[in-house]
Every structure is written in C-alpha cells, then in structure tokens.
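I have placed the structure first, in the form of structure tokens, so that the comments after it can refer back to it.
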Amino acid sequence: MKKVKKSTLIVIIGVVVLAAAVAVFAVLNADDISYKRELEMNAEFVVKYGDAEKRVTMQDMLDMKPVEFSATMDTSTTDPTPVMFTGVELKNICESLDIDISSAEVFEVRALDGYSSAVVLDEVLTEGNVYICLLMNGEVLKTKSEGGFGPYMMVINSAEFSQRWCKFVQEIDIR
C-alpha cells in the first residue's frame, strides 16, 4: 500500500513540476508572440547584422522595385508547378539598407512559425537566386492567419523541391 501511495505522490509531483514549467515557458514566450504578431500585422520583417537591426516595411520593399520572376514550386504533396513571384533579391535588400555583406557567411531566415532556413553568401550573390517575395501569381501573399504564405516568403531558385523556401519571413540574421 505504501508503494502505491509513494508512486502516486511521485506522479503528482511530476505533473505539478511539468505544469509549472509549461506556465513559465508560456510567460517567457508571450513577448515573442506579441512581437511576431506585430511584425505580421504590420507586414514588416527585421534584418539583423552585427549589432544593427533594421525593420523593413512593405513600402520599403515596394521602393526597392520588386521584379517578377518564375520559380518551380515542388512540395511533397504537389507536382512541380511553375509559379510567378514578385520580390526583391536578398542582395539588393542588403544593398538598399547599406549593409556590406562581403564578409557575411550565413543568412539565416526565420519564420513566424519557428521554421528557419539558411543560405550562404554565394547563393545570395548568384544572380536571380534568392528573393524575398511579396506576391505570388500577382496576388499579395496572405498572412498565416489568413491561410497564406506571407506577408513575405523567401524563394531560392536553386533549391530543388522548394525544401529551403521559407514562408512567413519575420527575421533575417546575417552572420
């Protein structure tokens, strides 16, 4: 009888500790969720380079004169499909923000949903390869809450099967 009570007590303590841990992590992530929601609703993303941090708005992207290009979207659930995107090459975004990327090694693109994808300098410098997009087939990329891919999506033309594309772009960390 004592063993059952002791093991029950251990289980109850374990559940209480886990519940407390979940509560602590929820509180710690509350600010992060608010920040992500703000970026999405304002159609902004952040570019970090060293100690600098710059917000890029939809108007900033439009001022950079986005171009239309074709890319093949190929996922595990769909056949390869040619798609027309409108976006700005990542190297041009950096140039517009006066960020010298000549010594950068990695560009980590983070999404609102926690996904991240990285590209290296050679990929970014390759003409017509890495874009931050705002339109797909002539339509604005809808937010995640609207069932879309945006407001921004990274498209890498050289990535076979679209596996390194990044929907819901919120941050680009250049290192």
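The values are calculated or read from the model by the stated rules, or taken from the named source; none is laboratory data. Note that the coordinates shown come from a computational prediction; the quantities given were computed from them, not determined experimentally. Every residue, glycine as well, gets a Cβ built from its backbone with ideal geometry; the counts of neighbours run over all protein chains shown.
Cβ separations smaller than 9 Å between residues 6+ apart or across chains give the following pairs from segment 53-66 residues that are under 17 Å from VAL140 (Cβ atoms) to residues that are aromatic (Phe, Trp, Tyr) and in a loop (DSSP other than H, G, I, E, B): VAL56/TYR152; MET58/TYR152; MET61/TYR152.
Checked against (1) basic (Lys, Arg); (2) at pLDDT 95 or above; (3) surrounded by fewer than 16 Cβ atoms within 10 Å (Cβ to Cβ), ARG110 meets all criteria but (3). Scanning segment 136-166 for residues that are closer than 13 Å to SER116 by Cα, surrounded by fewer than 18 Cβ atoms within 10 Å (Cβ to Cβ) and in contact with a strand residue (DSSP E or B) (Cβ under 6 Å, 6 or more places away or on another chain) turns up just one, ARG164.
Kindly evaluate VAL124 against the criterion of being modelled with pLDDT of 95 or more, assigned to a strand (DSSP E or B) and not basic (Lys, Arg).
For VAL124, the condition - modelled with pLDDT of 95 or more, assigned to a strand (DSSP E or B) and not basic (Lys, Arg) - is not met.
Under the condition of being touching a Leu at 6+ places or on another chain (Cβ under 7 Å) and of a type outside the set (S, T, N, Q), the residues counted in segment 59-92 number 5.
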